[in-house]
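Colleague: Provided herewith is a single structure, encoded as structure tokens, for subsequent inquiry.
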Amino acid sequence: MNEHVAAAQAPAESLPRVLLTGAQMLFVAFGALVLVPLLTGLDPSVALFTAGVGTLVFHGVTKVTVPVFLASSFAFIAPIQGSVVNFGVPATMGGLMAAGLVYVAISQAVRLKGTAWLHRLLPPVVVGPVIMVIGLALAPVAVSMATGETSDHIGYGAAIVLSMASLLVTLVLAVFGRGLLRLVPIMGGIVTGYVMALLMGVVDFTPVREAAWLAMPSFTAPSFHWAAILFMIPVAIAPAVEHIGDMVAIGSVTRKNYLEKPGLHRTLLGDGLATTTAALFGGPPNTTYSEVTGAVTLTRAFNPKIMVVAACIAIGLAFVAKLGALLQTIPGPVMGGIMTLLFGSIAVVGMNTLVRAGHSLTAPRNLVVVSLILVFGIGGMQFGGGQFTLQGVSLAALVGIVLNWVLPTADDE
């Protein structure tokens, strides 16, 4: 019945309409898609390619039943930045492949046991502060970029003007924008900052002039190091839990229950294989995009084949080398201004997870769990050394899981 209702509400589709709507969906996702590689030092052309391939992998696993587009995950921005600095890009890709396999393992456990065990292992009192750590651990990096410390040819004054202008436009569009504008606040902020940078003469077009029109993206093969793997695996926990919410959200739009058909185990498997595939080529992890879900709501474009079209267009654009070179000319302060909002918003998502759970954070048990996750994760605590160092998000997640497991609940007390 629900399927007939959704079909009746969706507009009639022709091939030109499907192609045009697919291009529009990619445009909606484009700003966030390329922002992740630009913030983490990865290649945006590779990110376009792996977003397209990852989306196709997802739809292959789920048999083209869910109208979602997968692209660069914001949850991994800070961990990727930290991992690249400490272990290098190839080892980071190895860690991300392992993170994707965590999704695969969870999907099989869900297939066999359902989801109750997942909520017991990772309740909001653990997931919430871990998400906060993901957002806040590298907040100083955003400030450094926004103030021009990471830019050789942009001084403090010019950097502040660019970063704050980009941030202001992003805020205005996110809060006051209507229709399509509200779906692309990040792109609006980047465009504004980039135009201002052009007027100030701080954009270097040398890479664009030197780039060929068509070229293979700069793929990076992964390498495997235990330290990088241990660093990255726990980061997959929060996005895996959020995946359930994403499926419920898109299901509420289309009036279908995707947790039953194709099944949560299939959507998790598709997400995990998409992330592992992306890392295999040197791209950022993939996740379902809320921006695209919003666009689906606005356009009533429920046909999953539209997302397959968007994926194919993304793969094609990945081979336009001048586009990738142009994206890399965006000044650091422009990205830094937007990062200050993004990292903070990730922390707020974690805070909201705690608030929605309705637990008393001053209760001794919850106070201990949340406090130690935050301080260990943000403060720089580490255990071990060399290949087996536990620190940052990985240590915070492990501490939270162990404390939640061993400390008595209020009922036990």
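The values are calculated or read from the model by the stated rules, or taken from the named source; none is laboratory data. Because the structure is a prediction, the values reported are computed rather than measured. In this analysis, Cβ positions are derived from the backbone assuming ideal geometry, glycine residues included, and neighbour counts consider all displayed protein chains. Surface areas here come from the heavy atoms of the whole protein model, side chains and all, with no ligands, DNA or RNA. Shrake-Rupley method; radii C 1.70, N 1.55, O 1.52, S 1.80 Å.
Colleague: Identify, from the list THR150, THR115, the residue that is polar (S, T, N, Q), at pLDDT below 90 and out of contact with any helix residue (DSSP H, G or I) (no Cβ under 6 Å at 6 or more places or on another chain). Spell out the reasoning first.
Modeller: Working: THR150 fails: out of contact with any helix residue (DSSP H, G or I) (no Cβ under 6 Å at 6 or more places or on another chain).
Being polar (S, T, N, Q), at pLDDT below 90 and out of contact with any helix residue (DSSP H, G or I) (no Cβ under 6 Å at 6 or more places or on another chain) holds for just one of THR150, THR115, which is THR115.
Colleague: Quick check on segment 61-76. Is at least one of its residues surrounded by fewer than 23 Cβ atoms within 10 Å (Cβ to Cβ), assigned to a loop (DSSP other than H, G, I, E, B) and not hydrophobic (A, V, I, L, M, F, W, C)?
Modeller: Yes; the residues of segment 61-76 include at least one that is surrounded by fewer than 23 Cβ atoms within 10 Å (Cβ to Cβ), assigned to a loop (DSSP other than H, G, I, E, B) and not hydrophobic (A, V, I, L, M, F, W, C).
Colleague: Hey, another quick one. Looking at this structure, is SER166 open to solvent by less than 40 Å² (accessible area, probe 1.4 Å) and not in a helix (DSSP H, G or I)?
Modeller: Values: open to solvent by less than 40 Å² (accessible area, probe 1.4 Å): yes; not in a helix (DSSP H, G or I): no.
The answer is no for SER166.
Colleague: Can you go through VAL130, VAL85 and tell me which one is within 21 Å of ALA228 (Cβ to Cβ) and free of Cβ contacts under 8 Å to residues at least 24 places away in the same chain?
Modeller: The conditions single out VAL85.
Colleague: Which one of these is aliphatic (A, V, I, L, M) and either touching a strand residue (DSSP E or B) at 6+ places or on another chain (Cβ under 7 Å) or in contact (Cβ under 8 Å) with a residue 40 or more places away in the chain (or both): LEU181, LEU167, LEU173?
Modeller: Testing whether each residue is aliphatic (A, V, I, L, M) and either touching a strand residue (DSSP E or B) at 6+ places or on another chain (Cβ under 7 Å) or in contact (Cβ under 8 Å) with a residue 40 or more places away in the chain (or both) leaves just LEU167.
Colleague: Can you find even one residue in segment 291-312 that is part of a strand (DSSP E or B), touching a Gly at 6+ places or on another chain (Cβ under 7 Å) and surrounded by 22 or more Cβ atoms within 10 Å (Cβ to Cβ)?
Modeller: So far as segment 291-312 goes, no, none of its residues is part of a strand (DSSP E or B), touching a Gly at 6+ places or on another chain (Cβ under 7 Å) and surrounded by 22 or more Cβ atoms within 10 Å (Cβ to Cβ).
Colleague: Now for a separate question. Residue pairs, Cβ under 7 Å, 6 or more apart or interchain, first in segment 23-46 and farther than 15 Å from GLY316 by Cα and crowded, with 24+ Cβ neighbours inside 10 Å, second among the acidic types (Asp, Glu) and at pLDDT 85 or above. List them.
Modeller: These pairs meet every condition: PRO37/ASP43.
Colleague: Checking the condition touching a Pro at 6+ places or on another chain (Cβ under 7 Å), in a helix (DSSP H, G or I) and either β-branched (Val, Ile, Thr) or surrounded by fewer than 18 Cβ atoms within 10 Å (Cβ to Cβ) (or both), which residue from VAL208, VAL191, VAL235 passes? Reasoning before the result, please.
Modeller: Values: VAL208 fails: touching a Pro at 6+ places or on another chain (Cβ under 7 Å); VAL191 fails: touching a Pro at 6+ places or on another chain (Cβ under 7 Å).
So the residue among VAL208, VAL191, VAL235 that is touching a Pro at 6+ places or on another chain (Cβ under 7 Å), in a helix (DSSP H, G or I) and either β-branched (Val, Ile, Thr) or surrounded by fewer than 18 Cβ atoms within 10 Å (Cβ to Cβ) (or both) is VAL235.
Colleague: Shifting gears a bit: From the residues in segment 345-380 that are part of a loop (DSSP other than H, G, I, E, B) and at pLDDT below 90, which one is farthest from ARG120 (Cα to Cα)? Break it down stepwise before answering.
Modeller: Step one: of segment 345-380, the residues part of a loop (DSSP other than H, G, I, E, B) are 358-363, 380.
Then drop every residue that is not at pLDDT below 90, which leaves 358-362, 380.
Details: GLY358: 16, HIS359: 15, SER360: 18, LEU361: 18, THR362: 21, GLY380: 27 Å.
Among those residues, the one meeting the criterion is GLY380.
Colleague: Mind telling me which of the residues GLY377, GLY332, GLY384, GLY400 ends up being of a type outside the set (Lys, Arg), over 30 Å from GLY60 (Cα atoms) and open to solvent by 40 Å² or more (accessible area, probe 1.4 Å)? Even if it seems obvious, please write down each step before you answer.
Modeller: Numbers: GLY377 fails: open to solvent by 40 Å² or more (accessible area, probe 1.4 Å); GLY332 fails: open to solvent by 40 Å² or more (accessible area, probe 1.4 Å); GLY400 fails: open to solvent by 40 Å² or more (accessible area, probe 1.4 Å).
Only one candidate passes the filter, namely GLY384.
Colleague: Filter segment 86-132 for residues that are within 17 Å of the chain's Cα centre (by Cα) and more than 22 Å from LEU42 (Cα to Cα) and give the result.
Modeller: Scanning segment 86-132 gives VAL102, TYR103, VAL127, GLY128, VAL130, ILE131, MET132.
This table checks each residue for (1) closer than 19 Å to MET187 by Cα; (2) open to solvent by 20 Å² or more (accessible area, probe 1.4 Å).
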{"site": "LEU323", "(1), (2)": "yes, yes"}
{"site": "SER345", "(1), (2)": "yes, yes"}
{"site": "PRO364", "(1), (2)": "no, yes"}
{"site": "LEU367", "(1), (2)": "no, yes"}
{"site": "SER394", "(1), (2)": "no, no"}
